[in-house]
Amino acid sequence: MSSTDILAALAQNLTAGQIRVIDLTQELSEDTPLLVLPEPFGQTAAFSREEISRYDERGLAWHWHNFTVGEHTGTHFDAPIHWVTGKDLADNTLDKVPPQKLVAQACVLDFSAECAADADFLLTRAHIEAWEAEHGAIPAGSWVLFRSDWSKLPVDAYTNRREDGAHTPGPDASAVSYLVDERDVLGFGVETIGTDAGQAHLLEPMYPAHALLHGAGKYGLQCLENLDLLPPTGAIVIAAPLKIRDGSGSPMRALALVSE
Ligand code: MN
C-alpha cells in the first residue's frame, strides 16, 4: 500500500469503529490527586480555575475560565529537563520534543496482580524478560506502559500516603536500565502519580526511573488510566503535552488507537 492508501484505510477503520480510540487520560479537576514532597521541598500546584465570564455583564455571549496547574499535575508528560540527569541534554524541553515522537507504538506490561498483592511491588529486568518471552522483544522507540490497575483505586488507596511516604509500585534500576540500554524505548508510562515507586528514594540510584530515563533523553507518562483496555502489543499511543517553552512537563490528553 502507498502511504496515501494507508491513511485512507486508517480513516475508514476509524469511521467504521474497526480502530477504537481509548482515552488514557484521568479527569483533570480541583480534585486531581497530587504528588506531595517532604519539607522543605517545593510543591506542585493543584488544578484551580477562576471564571472570567458566563454569558453575563463580564462577557455577554461567552463562558470561559483562567486556570492554574502544575506542570506535573494530573495525566502528564515528563521531559528530560525535569531531572538533573537530563539538564544538559539537547532538545530536553517540551517545545523541543520532535512531533514524530508524540505518536508511537506501545507495549503494555500487565503486573496488576503483583501490584494488588504488594503496593511496593518493584518491576525488575527479570519481569520484563519474562514478558518478552511471551510477547516478543520490546521494539526500539516504543512506549512501555506499566499496567498496575492503580488508576482504578479510590483516591486514598491511589496516593497511599503513610507516615514514611507513599507506597505505590514502580520499576527498579535493573528494569529501567534494561529498557534504556538494551531496548532504546521512547519512554515509560504508569498509572501512578510518578514514574517511580512511592518508596523510590530508598533505591539505588534514588528515583531510578527519573534518573535513568531522563538522563538518556527518554520521556515519562504518569497518571494514565484504561491500560487494561489495551493489548500487550499493537496499540498506538498519542501522548502530546502542551508546547510550553522550556517546559519540564505538562498535562496532556493521552489517547491510544486499538485495532478491533
Ligand atoms: Mn512528572
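Every number here is computed from the coordinates shown, using simple stated rules; none is lab data. Just so it is clear, the structure is predicted and the values come from calculations on it, not from any experiment. Heads up, the Cβs are rebuilt from the backbone with ideal geometry, glycines too, and the neighbour counts pull from every protein chain shown.
Between their Cα atoms, which of LYS218/LYS243; LYS152/LYS218; LYS101/LYS243; LYS101/LYS152; LYS152/LYS243 are more than 22 Å away from each other?
Numbers: LYS218/LYS243 17 Å; LYS152/LYS218 27 Å; LYS101/LYS243 13 Å; LYS101/LYS152 28 Å; LYS152/LYS243 29 Å.
Where the Cα-Cα span goes over 22 Å, the pairs concerned are LYS152/LYS218; LYS101/LYS152; LYS152/LYS243.
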Problem set entry | Cα-projected label distance for GLU132 with ARG162, points at 7 Å along beta-carbon direction, nm | 3.3 nm
For this session: Classify region 1-129 as rounded, prolate or oblate, taking a ≥ b ≥ c as the square roots of the eigenvalues of its Cα gyration tensor: rounded when a/c is under 1.5, otherwise prolate if a/b is larger than b/c and oblate if not.
Result: oblate
Seminar exercise, completed: Computed about the Cα centre, the charge dipole of the chain from +1 Lys/Arg and -1 Asp/Glu charges at the Cβ has a magnitude in debye, to the nearest 20, of 740 debye
Exercise. Taking region 24-66, which GluC sites (Glu not before Pro) meet the DSSP loop condition and have no more than 11 other C-beta atoms within 10 Å?
Worked result: GLU27, GLU30, GLU57
For this session: Could you tell me which of ALA106, SER250, GLY215 has its Cα farthest along the dipole of region 102-260 towards the positive end, charges placed at Cβ (Lys, Arg +1; Asp, Glu -1), taken about the Cα centre?
Result: SER250
Problem set entry | Prolate/oblate/rounded label for region 113-152 (Cα gyration tensor, a/c 1.5) | prolate
Problem set entry | Theoretical gain in end-to-end length, LEU202 to LEU14 [0.36 nm per residue, Cα-Cα removed] | 63.1 nm
Seminar exercise, completed: Here region 107-122 yields Karplus 3J(HN,Hα) values (6.51, -1.76, 1.60; θ = phi - 60°; whole Hz; Gly and Pro given as x) of 10, 10, 9, 8, 10, 5, 5, 5, 5, 5, 7, 8, 4, 9, 3, 10
Seminar exercise, completed: Summing -39500 (n - 2.57) over every DSSP H run of at least 4 in the chain, dividing by its residue total and rounding to the nearest 500, the 222 nm mean residue ellipticity is -4500 deg cm²/dmol
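Find, among the GluC sites (Glu not before Pro) in region 142-244, those assigned to loop by DSSP (not H, G, I, E, B) with at most 14 other beta-carbon atoms within 10 angstrom.
Taking region 142-244 and a limit of 14 other Cβ atoms within 10 Å, the loop GluC sites (Glu not before Pro) found are GLU163.
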For this session: Return the percentage of antiparallel bridges among DSSP beta bridges fully within the chain, rounded to the nearest 5 %.
Result: 70 percent
For this session: Could you run the Karplus curve 6.51 cos²θ - 1.76 cosθ + 1.60 with θ = phi - 60° over region 248-260 and give me ³J(HN,Hα) per residue in whole Hz, x for Gly and Pro?
Result: 9, x, 6, x, 8, 9, 9, 10, 10, 9, 10, 7, 6
Problem set entry | Debye, to nearest 20: dipole size of region 37-129, +1 on Lys, Arg Cβ, -1 on Asp, Glu Cβ | 320 debye
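What is the fewest-to-most order of TYR219, TYR178 by other Cβ atoms lying within 10 Å of their Cβ?
Values: TYR219 27, TYR178 22.
With the fewest neighbours first, TYR219, TYR178 line up as TYR178, TYR219.
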For this session: For SER177 and LEU60, compute 0.36 nm times the residue count separating them, minus their Cα-Cα distance, and round to one decimal in nm.
Result: 36.5 nm
For this session: For each of LEU37, LEU122, count neighbouring Cβ atoms within 10 Å of the residue's Cβ, then give the residues from fewest to most.
Result: LEU37, LEU122
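Among all stretches of the chain without exposed trypsin sites (Lys or Arg not before Pro) (DSSP loop, at most 12 other Cβ atoms within 10 Å), which one is longest?
Values: sites that count: ARG58, ARG245.
Of all site-free stretches, the longest is 59-244.
May I ask for the Rg/Rh ratio of the chain, computed from Cα atoms with Rh as the Kirkwood radius, given to two decimals? Display every interim value, and only then the final one.
On the way: Rg = 19.0 Å, Rh = 19.2 Å.
On the Cα set of the chain, Rg over Rh gives 0.99.
Please report ILE238, ILE81, ILE193 as a ranked list, fewest other C-beta atoms within 10 angstrom at the top and most at the bottom. All intermediate terms of the calculation are to be shown ahead of the outcome.
On the way: ILE238 15, ILE81 20, ILE193 25.
Least to most surrounded, the residues fall as ILE238, ILE81, ILE193.
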For this session: For LEU153, list long-range residues whose amide hydrogen, built 1.01 Å from N in the peptide plane, is under 5 Å from its own amide hydrogen.
Result: none
Exercise. What are the ³J(HN,Hα) values, in whole Hz, obtained from phi via the Karplus relation 6.51 cos²θ - 1.76 cosθ + 1.60 with θ = phi - 60°, for each residue of region 99-106 in sequence order, with x given for Gly and Pro?
Worked result: x, 4, 8, 7, 10, 7, 6, 10
